[in-house]
Amino acid sequence: MAEVMINASAVTRDFSISRGMFRGKQRLQAVNGVDLTVTRGEVLALVGESGCGKTTLAKILLGLLPQTSGSISLCGTPIGSVPRLDLSRMIQPIFQDPYSSLNPRKSIGSIIGLPMRVQGIEDQQTILRRVEETMELVGLPPRLLNAYPNQLSGGQRQRVAIARALVNRPQIVVCDEPTSALDVSVQSQILNLLNDLRTELNLTYIIISHNLAVVEHIASRVAVMYLGRIVEQAETTAMFRNPQHPYTRALLDSVLTPDPRLGVPNTQLGASYPNPIDPPSGCAFHPRCANAMPHCAQTAPGGTAHNDAYVECHLYSDAGVAKAG
Amino acid sequence: MGNRVLSVRNLSVDIPLADGVLHAVDDVNLHVDRGETLCIVGESGCGKSLTSLALMDLLPKKAIRTIGRLDLNEASILDYSERQMSDVRGNRMGMIFQEPMTSLNPAFTIGNQMVETLRRHRDISKSDARDLAKQMLEKVGITAAEQRLTQYPHQLSGGLRQRVMIAMTLLCEPELIIADEPTTALDVTIQAQILLLLRELQHEYDMGLILITHDLGVVARIATRVAVMYAGQIVEQGTVEQIFENPMHPYTRGLMRCIPVPGKTRPGEPLGSIPGMVPSLIGSFTGCRFADRCDLVKEACRKSDVALRDVAGKTQAYRCVIDPQAMTKVA
Ligand SMILES: Nc1ncnc2c1ncn2[C@@H]1O[C@H](COP(=O)(O)OP(=O)(O)OP(=O)(O)O)[C@@H](O)[C@H]1O
Ligand SMILES: Nc1ncnc2c1ncn2[C@@H]1O[C@H](COP(=O)(O)OP(=O)(O)OP(=O)(O)O)[C@@H](O)[C@H]1O
Ligand SMILES: [Mg+2]
Ligand SMILES: [Mg+2]
C-alpha cells in the first residue's frame, strides 16, 4: 500500500466580496468540496481555467490559508495540529514568478539559507554546507553564492527558488506555474531538474500549470478543476488518451502543438465565463457544455469512479446514462 | 494603397547602464504586410519587447534608439513630432501588452476608458462613442456588454480583461497591431479563443499583426512569418513552414528540440535543452553571439560578426557561418 502524503476531504474555501459601499458582502466559493489523495512519489497536476481555484487550494494545502470547512492531513497528521515550523519541513511551495519572489537586496546564499535560520538553525557552518549542497543539487554554480538576484538569468532565479524550497528537505513540493515565466529552453532545463530531484530525494509533487504538454511530461496523475471543484481525475496517460468530462475534452482540444499545418482550434466553449459569485445551477459547466442534457441545469452530478479514475458528469452517472439512453 | 503596413530598417536600441552601454537590440530589419502575422520569438531578455516599444516610440527614457527607416503604409514616420506619433499610436498602430492591468486604468470604468480613447482621436459625441464601445465589446465576444461598460478592470477575470484590451485597441481600426505575450497568463481554452479572435479581426480589418511570444505552439498555429531573436539580433527568419520544418540556425534547432509535445515525449524522459547562458551585451562584442552554447562552434565563429545569409531559392535567412551540410549531419 502506497504511503498517503496528502489527504484532503470536502475542503471548501469562501471569500467574501464587497459589492461596493453600503451594499453588503457576497460569498465567493473559490474551492468547493475538494477530495484529494496523493501518495508518496506521485506527481499530481492541477489544471483548469484561470480563476477556478487552483492557487487557493494550493495555499490551503501549504497551510498559508485556512479552509472554511473540510479537513486536511499531511503524512497522516491533521494539518491544524502540526506546528508551523514542522509544517514547513513537510511541504514547501515554489511560486510562479522567479523575478518578483526573490528579495533583491539579499545574496543568493542568504536567500537559500533563510528557511534554515527560520527553523532555528544557527550554526553558520551547517547552514553554509547545506546551502552549497543544495545549490549543487539544483545546478547552481558555487560562484553565485554571493551574487544578487538581478545578476541571474530567469532560469537561474527559478533554480534559486527551487533550492530555497528544498533546503530543509521537505517531503512535498507544491509548484504553482513553475515555468510559465520562462522560455522553452529554460523551461525544459527546469522540468528535467524537477524530475531528477523527485527520484533523488523521493519527493511528492503537486504541480499547477496551464501548459498541458508540461503536465503530460511530468505528472503521474491529473486533476481537472472547474469552478472550485475537481471534475475529473485520472492517471496521466489515461487522461490524455481518453478524457471523459466535456470540459477536459475542450481543454485538451485547445492544446497548440507546434504544427504549422494546423490552425487554432475552436472549442465552442464560448465567452460566457461563469460568474463565481453566482454560479450556474445544477452542473456548473452546463451553460458551456456541448453535451448538456435538460437535467444538467437542475441537479449537480455526483461522482462516478471506475478503476483509478473519477469524473463528475451526468453523462457517466446512472441517472444520466438512463435519461440519455 | 500598398500592401506593406510596416517596414523598419537598421533598428538598434542602446541602454546606458552603470557598468557600460547595453546593446539590447542590434540592427534589426523587419516588415509586415496587410493580413500577415509576424511572430517574434526568442529567449527571455533577447530584446523582443524593446524592439516593439521602439517601433511605437515608447522606449524607456534612458534608452537610445537609432533607426535607418521606419515606414508606416509606405510613408516614413521617422520625423514625426511627439504629437503626430501619439496620434499614430492611438489611430494607426495599436499595442496589446502582456498584463492588461498595466494598461487599463484601475480608477475608471471600462466604458469611461473606451469613450475617452475614441474621443481623443476622433470627433465623435459621447453617446455615439459609447455605442461604438458597446459594439466593439460584443465583437470581441463579451456578453452583457452594457453592464461590462460600467465595471472596473479589477471586477473582470484575466481573460475578459485581455478581451477588453483588444476591443480598446481595435476601436480606432489600426493598420497594425503589436501584441506582446497577449496570452501568456491565460489558460489554454481562453488562449485559443483570443487567438481566434485576433485572427478573425485581422482578416476583417485587413490588419498587419506582430505577435511576440515564447510559446512555439502559438507561433506554429498563427504565424505567417517568424523572426527568431537571440541576444539582440535576428538570427533567423522565414515563413512559418520554413522555420518549423527546416530550421537552419543552431539556436532555432535547439528551440525546436525543447518543445514538449503531448504524445511525443514520454513521462520521465528528459526534454531537449540548450545548456549555457546568453552572453553579456554590455560593451562591444565580436563574433557569433550563440558561439558559447553551440555544438558546432569553430574558430571562424568568434573571429568576426556574422551576417544573415539567404537559404538558396527561399525567403529564409539565418546568421551562421557553418556549412549547412555539416549541420544536417548533426541534427
Ligand atoms: N483573497 C481573495 N479575495 C477574494 N477573492 C479571491 C481571493 N483570492 C482568490 N479569489 C477568487 O477565488 C477564485 C479562485 O482564485 P485562484 O487564484 O485560486 O484561481 P487560479 O485557479 O489559481 O487561477 P489562475 O490560473 O488565473 O492563477 C477567483 O474567482 C478569484 O477571483
Ligand atoms: N529599462 C531598462 N533598463 C535597463 N535594461 C533594460 C531595460 N529594459 C530592458 N532592459 C534589458 O534589455 C534587454 C532586452 O529586454 P526586453 O525586455 O526587450 O527582452 P524580451 O526579449 O522582451 O524578454 P522577455 O521574454 O523576458 O519579455 C534585457 O537584457 C533587459 O534586461
Ligand atoms: Mg493561480
Ligand atoms: Mg518582453
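For this structure, a couple of remarks:
- Taking every alpha-carbon pair under 8 Å whose residues sit at least 6 apart, chain A reaches a relative contact order of 19 percent.
- Taking B:P270, B:P182, B:P174 as the candidate residues, the one with maximal mean-square fluctuation in a Gaussian network model of chain B, Cα springs under 10 Å, is B:P270.
- Residue by residue, segment B:120-126 carries 3J(HN,Hα) couplings of 5, 9, 9, 8, 8, 6, 4 Hz when phi is fed to the Karplus relation 6.51 cos²θ - 1.76 cosθ + 1.60 (θ = phi - 60°); x denotes Gly or Pro.
- Helix A:124-137 axis, angle to chain A major axis (alpha carbon atoms, nearest 10°): 50 degrees
- Listed by chain and number, the aspartates and glutamates whose alpha-carbon sits under 17 Å from that of A:K25, ignoring those within fewer than 8 places in the same chain, are A:D14, A:D278.
- Amide proton proximity set for A:V231, modelled H, under 5 Å, gap of 5+: A:V224, A:M225, A:Y226
- Per the Kirkwood formula applied to alpha carbons, chain A shows a radius of gyration over Rh ratio, Rg over Rh, of 1.00.
- Charged-residue dipole, Cβ positions (Lys, Arg, Asp, Glu), the protein assembly as shown about Cα centre, Debye nearest 20: 880 debye
- Helix content alone sets the calculated 222 nm mean residue ellipticity of chain B: runs of n ≥ 4 DSSP H residues at -39500 (n - 2.57) each, divided across all residues, give -10000 deg cm²/dmol.
- Taking each DSSP H run with n ≥ 4 as -39500 (n - 2.57) and averaging over every residue of chain A yields -9000 deg cm²/dmol at 222 nm.
- Relative to the longest principal axis of the Cα atoms of chain B, the long axis of helix B:82-91 makes an angle of roughly 80 degrees.
- Summarising the amide proton neighbourhood of B:D33: residues at separation of 5 or more, or on other chains, whose placed amide H is nearer than 5 Å comprise B:V5.
- When both segment A:136-179 and segment A:223-243 are represented by their alpha-carbon centers, they are found 30 Å apart.
- For segment B:269-287, a decrease in accessible area of 50 Å² or greater in the assembled protein chains relative to the isolated chain, with a 1.4 Å probe, applies to B:L271, B:M277.
- Kirkwood hydrodynamic radius of chain B, Cα pairs, Å: 21.3 Å
- A Cβ-based charge dipole, computed about the Cα centre of chain A with Lys and Arg at +1 and Asp and Glu at -1, lands at about 880 debye.
- Rounded to the nearest whole Hz, the Karplus-based 3J(HN,Hα) values (6.51 cos²θ - 1.76 cosθ + 1.60, θ = phi - 60°) of segment A:35-51 follow the sequence 10, 7, 10, 10, 9, 4, x, 6, 10, 9, 9, 10, 10, x, 4, 3, x, with x at glycine and proline.
- Counting every pair of alpha carbons in the protein assembly as shown, the share spaced more than 41 Å apart comes to 31 percent.
- Heavy-atom accessible surface that B and A bury in contact, both chains counted, 1.4 Å, Å² to 100: 3900 Å²
- Overall, chain B carries a charge dipole of about 300 debye about its Cα centre when +1 sits on the Cβ of Lys and Arg and -1 on the Cβ of Asp and Glu, all other atoms neutral.
- For segment B:305-311, 3J(HN,Hα) per residue [Karplus equation, 6.51 cos²θ - 1.76 cosθ + 1.60, θ = phi - 60°, Hz, x = Gly/Pro]: 4, 9, 8, 5, 10, 7, 7
- Close amide H contacts of B:C39 (hydrogens built in the peptide plane, cut-off under 5 Å, sequence separation of 5 or more or a different chain): B:L211, B:T224, B:R225, B:V226, B:A227.
- Rel. contact order, % - alpha carbon contacts under 8 angstrom, at least six apart, chain B: 20 percent
- Considering only Cα atoms, the convex hull volume of segment A:151-237 works out to 112 Å³ per residue.
The values are calculated or read from the model by the stated rules, or taken from the named source; none is laboratory data. As the structure is a prediction and not an experimental result, all values here were calculated from the model. Heads up, the Cβs are rebuilt from the backbone with ideal geometry, glycines too, and the neighbour counts pull from every protein chain shown. Ligands, DNA and RNA are excluded from the accessible area calculation, which covers all protein heavy atoms including side chains. Shrake-Rupley method; radii C 1.70, N 1.55, O 1.52, S 1.80 Å.
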